[in-house]
Amino acid sequence: MDSKTCLQCGKILKPNRRGVFCGRRCVWRAWHQRSIARGYEAQNLPLAMPPPNSEPILPAMGPERLRAANQLALIARAPADARGYRVGIQPGHQQLMRWFPPARFRAPAMFLLDPFEGPAVPTQGTYAVVYLDGHCLPLGGPRFTLAVEQIDRRLVLTDGDRTFKPRPRGEGGPDPWCVSPRYQRGVVIESVPRSKACRMSSHLSRWSAGPIPCGTT
Ligand SMILES: [Zn+2]
């Protein structure tokens with residue numbers, strides 16, 4: 001008789017076990033490894049160049065040049081039904097990609113192509129690009145990379161989502177183009193420990209009205 005083994009750890013699976021892993025831990029580990037490998041691939045995609053005939057309209061130098069070149073490249077390479085895009089970066093070799101804009105800060109979670117919105121990211125670096133359609137569904141996977149120099153200091157790397165597929169947070173909503181109301185000040189803070197709440201509130205205050213007094217922390 002032949003018994004099946006867990007694809008992740010090699011343990012012999014119980015005869016009635018469905019699937020290819022012995023348990024949730026191995027399912028998660030396999031997902032984590034796959035995600036890191038995919039992030040590595042995405043991070044190594046070729047850098048986007050602006051269209052060859054765009055040189056005359058690009059600023060000669062400086063950060064404006066890169067910004068304009070990125071805009072041209074993002075628009076030129078967008079599939080016909082693309083409405084926006086997301087950018088992701090792998091902070092380290094063994095870490096998961098982080099995707100922006102974060103789904104909890106805006107819905108739909110994408111930068112628009114028209115009117116064009118430049119990427120808002122927490123750190124300079126090389127970002128993979130995924131396009132999304134009007135329903136915020138990804139049009140395939142990461143296609144190329146982009147060097148981004150301009151940063152938004154209100155963001156930190158861990159704000160980014162671990163997947164480029166934005167998770168919808170409820171249907172509809174009052175204004176789909178603004179920050180999710182769930183994350184406005186004072187709503188999510190009550191249920192977390194004080195130290196974390198303070199960290200979050202100082203973080204959230206960057207997105208809403210003024211800061212919340214946090215005492216000693
Ligand atoms: Zn296992």
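Looking at this structure, is residue 53 more than 17 Å from residue 147 (Cβ to Cβ), away from the ligand (no atom under 13 Å from the Cβ) and out of contact with any Gly (no Cβ under 7 Å at 6 or more places or on another chain)? Quick ask: steps written out before the conclusion?
Details: more than 17 Å from residue 147 (Cβ to Cβ): yes; away from the ligand (no atom under 13 Å from the Cβ): yes; out of contact with any Gly (no Cβ under 7 Å at 6 or more places or on another chain): yes.
When the stated conditions are applied, residue 53 passes them.
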Top-ranked residue in region 135-151 [being surrounded by 16 or more Cβ atoms within 10 Å (Cβ to Cβ) and in a loop (DSSP other than H, G, I, E, B); ranked as nearest to the chain's Cα centre (by Cα)]: 142
Where the second residue is of a type in the set (Gly, Ala, Ser) and the first is closer than 18 Å to residue 45 by Cα and lies in region 142-155, which pairs have Cβ atoms under 6 Å and are six or more apart or on separate chains? 142/42; 142/128; 144/48; 145/128; 146/48
Report, by residue number, each residue of region 33-50 that is part of a helix (DSSP H, G or I) and either in contact with a Ser or Thr (Cβ under 6 Å, 6 or more places away or on another chain) or within 16 Å of the ligand (Cβ to nearest atom) (or both). 33, 34
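Conditions tested, residue by residue: (1) under 20 Å from residue 116 (Cα atoms); (2) in the same structural domain as residue 116 (by TED's automatic domain parsing); (3) among the hydroxyl-bearing types (Ser, Thr, Tyr).
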{"site": "28", "(1), (2), (3)": "no, no, no"}
{"site": "31", "(1), (2), (3)": "no, no, no"}
{"site": "36", "(1), (2), (3)": "no, no, no"}
{"site": "61", "(1), (2), (3)": "no, yes, no"}
{"site": "64", "(1), (2), (3)": "yes, yes, no"}
{"site": "67", "(1), (2), (3)": "yes, yes, no"}
Selection count where residues are closer than 10 Å to residue 160 by Cβ and part of a loop (DSSP other than H, G, I, E, B), scope region 72-104: 6
Out of 30, 60, 68, 107, sole residue that is away from the ligand (no atom under 16 Å from the Cβ) and at pLDDT 90 or above: 68
Within region 83-92, is there a residue that is loosely packed, with under 14 Cβ neighbours inside 10 Å and either within 13 Å of the ligand (Cβ to nearest atom) or of a type outside the set (Val, Ile, Thr) (or both)? yes
For residue 11, are the conditions met, namely being touching a strand residue (DSSP E or B) at 6+ places or on another chain (Cβ under 7 Å) and within 16 Å of the ligand (Cβ to nearest atom)? yes
Run residue 5 past the list (1) at pLDDT 90 or above; (2) more than 16 Å from the ligand (Cβ to nearest atom); (3) hydroxyl-bearing (Ser, Thr, Tyr) and report the number of the one that doesn't hold. (2)
Members of region 1-48 that are free of Cβ contacts under 8 Å to residues at least 40 places away in the same chain, in contact with a Leu (Cβ under 9 Å, 6 or more places away or on another chain) and either surrounded by 14 or more Cβ atoms within 10 Å (Cβ to Cβ) or on the phi < 0 side of the Ramachandran plot (or both): 3, 4, 5, 6, 20, 21, 22, 26, 30
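Taking the condition modelled with pLDDT of 95 or more and within 30 Å of residue 159 (Cα to Cα), does residue 85 pass?
On the way: modelled with pLDDT of 95 or more: yes; within 30 Å of residue 159 (Cα to Cα): yes.
Judged against the criteria, residue 85 is a match.
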On the given criteria, is residue 78 under 26 Å from residue 109 (Cα atoms) and assigned by TED's automatic domain parsing to the domain that holds residue 137? yes
Taking region 68-97 on its own, how many of its residues are more than 14 Å from residue 145 (Cα to Cα) and either in contact with an Asp or Glu (Cβ under 9 Å, 6 or more places away or on another chain) or aromatic (Phe, Trp, Tyr) (or both)? 5
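The values are calculated or read from the model by the stated rules, or taken from the named source; none is laboratory data. A quick note: this is a predicted structure, and the numbers were derived from the prediction, not measured. Don't worry about glycine lacking a Cβ; one is built from the backbone with ideal geometry, like all the others, and counts go over all protein chains shown.
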